[in-house]
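The values are calculated or read from the model by the stated rules, or taken from the named source; none is laboratory data. These figures come from a predicted structure and were not determined experimentally. Backbone-built Cβ (ideal geometry, glycine too); neighbour counts: all protein chains shown.
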Amino acid sequence: MSHPSLPVLVFLLTASSVGGALYAVFERRFIHEARVRRRFQLAVGAHAEMTGQAGGVGRSRKRSIEDTLKEIEDRQRAKARRSVRPSLTERLGQSGLGWSRTTYLIICGLSAAMAYLLMASVMGPNPVLHAGLSLIVGLLLPQRYVAFKRSRRFAAFSSELPNAVDVIVRGVRSGLPLGDCLRAIAAEGQEPVRSEFKMIVDDQTLGAPVQDAMLRLTERVPLPETNFLATVVAVQSKSGGNLTEALANLSTVLRERKKMRGKISAMSAEAKASAGIIAALPPVVAGILYLTSPQYISLLFTTTVGQLVLAVCAAWMSIGVLVMRSMINFDF
């Protein structure tokens with residue numbers, strides 16, 4: 001007679017044997033799946049951590065760029081609040097004439113004296129009128145000459161700046177430091193870019209960072225092109241990035257602006273020629289009449305009424321020239 005717990009014991013032993021056999025057969029599969037799950041979890045965690053770090057680096061770089069741009073804007077806004085118009089010393093330096101303030105005042109006095117002598121010999125004796133007109137000539141003529149030389153120098157600088165940026169791009173791509181590229185431009189560039197970059201190199205020699213030296217360039221040459229260059233260099237110096245790509249894009253932008261300036265000049269050439277002809281007609285006609293019939297036109301120079309008519313006509317002609325100039329002067 002069998003014991004009542006014997007079937008249960010046999011079942012347990014059989015189940016244990018079958019389970020042990022199955023475990024022995026599928027043990028490697030179970031361990032492999034566990035390892036795969038563990039590695040997958042580790043990979044997911046590492047990816048999340050790297051994503052967080054990359055996001056943190058991206059946010060940090062974006063914040064650095066925003067801070068740099070804000071600093072540049074604040075500096076430019078503060079300079080605009082200090083002086084709406086550049087001072088005489090700044091304009092003389094920007095014109096490239098090399099004049100001092102004393103030299104400018106001496107030239108103003110000489111211009112006024114020459115204008116007084118010329119009007120006295122042509123219009124006859126009238127000291128009060130001649131003194132007033134000569135004072136206006138002495139103040140306006142040197143100022144307009146300085147403004148003309150200043151605008152010519154700025155135009156030459158903006159025309160040559162893309163070539164200088166290309167030199168920097170090629171030098172940085174070949175492995176040269178930015179400072180060596182600036183020295184190469186300061187030594188072999190074309191004027192007025194060469195002299196301005198020489199000042200940048202001198203500032204760096206005295207210990208100024210390259211971004212501060214570029215910002216000083218924007219003060220000496222207040223053009224959009226120099227602001228672009230200073231912004232790119234300042235952002236790349238503080239936040240990092242591919243300097244060559246940024247400068248190459250800047251060179252493309254500068255050349256496109258140069259092409260646009262040429263198109264605008266070509267489109268406004270007819271209007272400028274018309275304005276020049278209209279403005280030149282009265283003096284030319286008056287000169288021809290003075291040569292052919294001096295008695296007929298001499299009343300404008302010898303009588304008070306004639307001189308008053310000449311002054312009023314000159315004022316109206318000046319207003320008309322300024323209006324036409326503002327109509328054909330495109331800003332972009």
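Structural remarks
- Checking each residue in the stretch 78-113 for being of a type in the set (Lys, Arg) and modelled with pLDDT of 60 or more picks out Arg85, Arg91, Arg101.
- Answer residue from the stretch 315-332, given it is outside any helix (DSSP H, G or I) and either among the aromatic types (Phe, Trp, Tyr) or at pLDDT 80 or above (or both) and is farthest from the chain's Cα centre (by Cα) among those: Phe330
- Leu118 being closer than 30 Å to Ser298 by Cα and either at pLDDT 85 or above or in a loop (DSSP other than H, G, I, E, B) (or both): no
- Residues within the stretch 200-241 that are aliphatic (A, V, I, L, M) and touching a Lys or Arg at 6+ places or on another chain (Cβ under 7 Å), tallied: 2
- Listed by first and then second residue, the pairs linking a residue in the stretch 188-215 that is not assigned by TED's automatic domain parsing to the domain that holds Leu97 to a residue that is surrounded by fewer than 19 Cβ atoms within 10 Å (Cβ to Cβ), with Cβ atoms under 8 Å apart and 6 or more places separating them unless they lie on different chains, form an empty list.
- Sole exception among (1) within 19 Å of the chain's Cα centre (by Cα); (2) at pLDDT 80 or above; (3) among the hydroxyl-bearing types (Ser, Thr, Tyr) for Tyr290, by number: (1)
- Every residue from the stretch 266-278 that is surrounded by 11 or more Cβ atoms within 10 Å (Cβ to Cβ) and under 10 Å from Ile328 (Cβ atoms): Met267, Ser268, Ala269, Ala271, Lys272, Ser274, Ala275
- Criterion: among the basic types (Lys, Arg) and touching a Phe, Trp or Tyr at 6+ places or on another chain (Cβ under 9 Å) - qualifying residue of Arg183, Arg170, Arg150: Arg183
- Scanning the stretch 207-253 for residues that are at pLDDT below 80 and of a type in the set (Lys, Arg) gives a single hit, Lys238.
- Per-region count, the stretch 287-310, residues surrounded by 13 or more Cβ atoms within 10 Å (Cβ to Cβ) and either within 19 Å of Asn126 (Cα to Cα) or in the same structural domain as Val137 (by TED's automatic domain parsing) (or both): 10
Matching residues to (1) more than 21 Å from the chain's Cα centre (by Cα); (2) touching a residue at least 12 places away in the same chain (Cβ under 8 Å); (3) not in a helix (DSSP H, G or I):
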position	(1), (2), (3)
Gly132	yes, no, no
Pro142	yes, yes, no
Arg153	no, yes, no
Pro162	no, yes, no
Leu176	yes, no, yes
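- Scanning the stretch 83-123 for residues that are of a type in the set (Val, Ile, Thr) and either outside the structural domain of Glu196 (by TED's automatic domain parsing) or over 27 Å from Leu291 (Cβ atoms) (or both) turns up Val84, Thr89, Thr102, Thr103, Ile106, Ile107.
- Among the residues of the stretch 218-226, some residue qualifies, meaning at least one is surrounded by 14 or more Cβ atoms within 10 Å (Cβ to Cβ), among the basic types (Lys, Arg), within 18 Å of the chain's Cα centre (by Cα) and in a helix (DSSP H, G or I).
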